[in-house]
Each structure stands twice: as structure tokens, then as C-alpha cells.
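The values are calculated or read from the model by the stated rules, or taken from the named source; none is laboratory data. What you see is a predicted model, and the numbers here were worked out from it, not measured in a lab. A quick note on method: Cβ atoms are made from the backbone with ideal geometry, for glycine too, and the neighbour counts reach across all protein chains shown.
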Amino acid sequence: MKIAALIARLLLGLIFVVFGLNGFLHFIPMGPMPSGLAGQFIGALFQSHYVLVVSALQVAGGVLLLVNRYVPLGLVLLGPVIVNILLFHLLMDPKGLPLAIVVVILWGVVALRHRQSFSGIFVQRAS
């Protein structure tokens, strides 16, 4: 499990650093904008510059995973981003769903390895 967690951490970090930097540098060519609600949603993200905040969170979380420092913080930063990616592909644009599921699995493997860091949030009543 230790090696699987290492591989998952590195892959997850690499995925988010690359795609986060792409939000700033645009080195991965984008295909045509999706039609319908998915296209409107992406258009709103770009026009409001919200995509820059999300990209910054992706780079920050990915770098923390790659350098193996503050991994739980990196997981916390990436968690909401991953939920939004998964929901976007589930509800609006199913083409990217396989990669979203892979990212969720990678996140789960890394989170399982660092579960002791999250044990406090599963306490019913803090004293």
C-alpha cells in the first residue's frame, strides 16, 4: 500500500500541477467549447476569471503533493476542486468522466494513507 500511495500521490500532484499551470499558460490546446449548459458554465468561469483561482489552488495542492510536504493540506485544497470536476462531468459533460473517476480514486488512495491527519473531523463531538 505504501508504494501505491506514493505512485498515487505523485500522479495526482503531476496531474494538478500540469492542468493548473495550463490555466495560466494555455500550453494544452483546447478543443471547441462544449455546447449547452457546459459551455455556458465554462464561459462564466473564464469571463469571471474564477478559473485563475481554481488553477492557483490546483498548482498549490499539486506542488504540496509532489514535494511531499503538508500532504494533508494539499489534499484539502484539491478536494473541493475534485468534487467540482467530478460533478461537472457527471452532470454536464460526461466525456471527461473517466479521468475524473481516476483522479477521485488517486485522491482516495492518498487520503487513506494520511487518514490519521483527518481523524479529528470524524469525531462526533469535540471537547
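Set side by side, the residues Ala44, Ala56 differ, and just one is assigned to a helix (DSSP H, G or I), more than 29 Å from Ile121 (Cα to Cα), of a type in the set (A, V, I, L, M) and modelled with pLDDT of 95 or more, which is Ala44. Can you tell me which of Val81, Val54, Val103, Val110 is of a type in the set (A, V, I, L, M, F, W, C) and in contact with a Lys or Arg (Cβ under 9 Å, 6 or more places away or on another chain)? Within the list Val81, Val54, Val103, Val110, the selection yields Val110. Kindly indicate which of Leu37, Leu77 is in a helix (DSSP H, G or I) and under 16 Å from the mean Cα position of the chain (by Cα). After applying the criteria, what remains is Leu77. Once segment 6-31 is narrowed to residues that are among the small types (Gly, Ala, Ser) and at pLDDT 95 or above, the residue that is surrounded by the fewest Cβ atoms within 10 Å (Cβ to Cβ) is Ala8.
Taken across segment 67-90, residues that are hydroxyl-bearing (Ser, Thr, Tyr), surrounded by 17 or more Cβ atoms within 10 Å (Cβ to Cβ) and either farther than 16 Å from Phe16 by Cβ or at pLDDT 95 or above (or both) do not occur at all.
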